[in-house]
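One structure below.
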Amino acid sequence: MNQAREHILTRLGTSNAPVSGDDLAAELGLSRAAVWKHIQILKKNGIAIQALAGKGYELTEDVFSAGLIKAQLSAKCIGNQIRIHEETGSTNQDAMAEAEAGAPEGLVIFANKQRNGKGRMGRIWHTMPESLAASVLLRPDLPPEQVPQLSLLTAVALHDALSVYCPDIRIKWPNDLLYHGAKIAGILTEMRAEPGRVHAVVLGFGINLAAPADGWPGDIDKPATDMASISATRISRTELATAILNALDHWYATYLQEGFAPVHRAWWQAHAASGAKVRVYNGRNYIEGIARALDDDGALLLETSSGTQRIIAGDLELL
């Protein structure tokens, strides 16, 4: 977006009162007429801006912009660069391409629509206007075998941010968030690495903010729900995105300083099946047991009739 229009949006979005055209003109080094033209362009692009006689301009609805998110961030690393695409193939692919071009750790890419969003095991992740989809680029000094810990860290951060709106949200191994058994968010982590060294990790996540007007896509074969349906509070995309990035930054800093133990504790406390009977489909058959623990590689330890089994991948079902 044009820098002047981004500044206008950020000022209006972070002000508790109307902002005068004179103030905007002075801040931008433009004439009031030039400010008015920028505001007209924003309005033509669908931004709801109201002019109040003798007072100035104000936003009358939530606006999702990089400037507004950055203005409200307390994060020190994640979100140092934020990009919002109206439409893209995949935010994970975009973030990985940026990584290969030398982009720094902390870059975040949002998209209002993804054409080729991916879930686990080759599934499609549908990104609709009612979704919040993003990818975060990290460059941790880790061996590749520890990268699954970052997926668990992401789940904890999403749980923290979403639980503000609804305390009944739970994590489901390995990378989903649920509300009473219905999926509300998913995570997909990808990396570039060589033996013993990680070059880049991309944490991708998608959250259902509202139910699609024409219903959930037909290829979704598990229960799904959305934040608007389960929360009594109107969800601001900007507010939620900011909360998620702040939570990710907090948990990433904690992880780098203290290791995996704090993440492990928080994840197990938020897990929907801790100590419960479950079954896991591993692509060939079902394994039933009690979810007893999570190991440091992110594998689920099931107590089965034949002993403890270490499950490294699969689809978990609560029984």
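Picking from residues in region 65-94 that are under 21 Å from ALA253 (Cβ atoms) and in a strand (DSSP E or B), the one that is nearest to the chain's Cα centre (by Cα) is ILE82.
Would you confirm whether or not region 271-280 contains a residue that is in contact with a Pro (Cβ under 6 Å, 6 or more places away or on another chain) and modelled with pLDDT of 95 or more? No, the conditions are met nowhere in region 271-280. Just so you know, in region 170-192 the residues that are closer than 16 Å to MET96 by Cα and of a type outside the set (A, V, I, L, M, F, W, C) include one that is surrounded by the fewest Cβ atoms within 10 Å (Cβ to Cβ), and it is ARG192.
The C-beta contact set for region 79-100 (first residue on the phi > 0 side of the Ramachandran plot and buried (at least 22 other Cβ atoms within 10 Å of the Cβ), second residue of a type outside the set (S, T, N, Q) and in a helix (DSSP H, G or I), distance under 8 angstrom, 6+ apart or interchain) comprises GLY79/ILE69; GLY79/LYS70; GLY79/LEU245; GLY79/ASP249.
If you go through region 2-31, how many residues are exposed (fewer than 13 other Cβ atoms within 10 Å of the Cβ) and farther than 21 Å from GLN72 by Cα? Residues that pass the stated criteria total 4. The residues on offer are LEU177, LEU245, and the sole one that is touching a Gly at 6+ places or on another chain (Cβ under 8 Å), within 15 Å of SER135 (Cα to Cα) and not aromatic (Phe, Trp, Tyr) is LEU245. Tallying residues that are in a strand (DSSP E or B) and either more than 27 Å from ASP141 (Cα to Cα) or over 12 Å from the mean Cα position of the chain (by Cα) (or both) within region 190-207 yields 11.
Could you check, for region 131-141, whether at least one of its residues is closer than 13 Å to PHE260 by Cα, touching a residue at least 24 places away in the same chain (Cβ under 8 Å) and in contact with a Lys or Arg (Cβ under 9 Å, 6 or more places away or on another chain)? No. Out of curiosity, is ALA185 assigned to a strand (DSSP E or B), small (Gly, Ala, Ser) and touching a Pro at 6+ places or on another chain (Cβ under 6 Å)? No.
Yes or no: GLU87 among the charged types (D, E, K, R) and either more than 16 Å from THR10 (Cα to Cα) or touching a Phe, Trp or Tyr at 6+ places or on another chain (Cβ under 8 Å) (or both)? So GLU87 fits the description; yes. Does THR254 satisfy the criteria of being more than 30 Å from LEU59 (Cα to Cα) and not acidic (Asp, Glu)? Taking the combined requirement at face value, the residue satisfies it.
A single entry from TYR281, TYR252 fulfils the requirement of being among the hydroxyl-bearing types (Ser, Thr, Tyr), free of Cβ contacts under 8 Å to residues at least 60 places away in the same chain and either touching a Gly at 6+ places or on another chain (Cβ under 9 Å) or surrounded by 14 or more Cβ atoms within 10 Å (Cβ to Cβ) (or both): TYR281. Of ALA232, ALA228, ALA211, all but one fail to be farther than 26 Å from LEU300 by Cβ and free of Cβ contacts under 8 Å to residues at least 12 places away in the same chain; the exception is ALA232. Checking ALA210, ALA232 one by one, the residue that is closer than 30 Å to THR10 by Cβ, more than 20 Å from the chain's Cα centre (by Cα) and at pLDDT below 90 is ALA232 and no other. Taking residues in region 304-315 that are touching a residue at least 24 places away in the same chain (Cβ under 8 Å) and surrounded by 12 or more Cβ atoms within 10 Å (Cβ to Cβ), and partners anywhere that are aliphatic (A, V, I, L, M) and in a strand (DSSP E or B), the pairs with Cβ atoms closer than 6 Å and at least 6 places apart or on different chains are ILE311/VAL280; ILE311/LEU300; ILE311/LEU302; GLY314/VAL280. Looking across region 129-188, the residues that are among the acidic types (Asp, Glu) and within 29 Å of ALA213 (Cβ to Cβ) come down to GLU130, ASP168, ASP176.
The values are calculated or read from the model by the stated rules, or taken from the named source; none is laboratory data. All figures in this text were calculated on a predicted structure; none of them were measured in a lab. Heads up, the Cβs are rebuilt from the backbone with ideal geometry, glycines too, and the neighbour counts pull from every protein chain shown.
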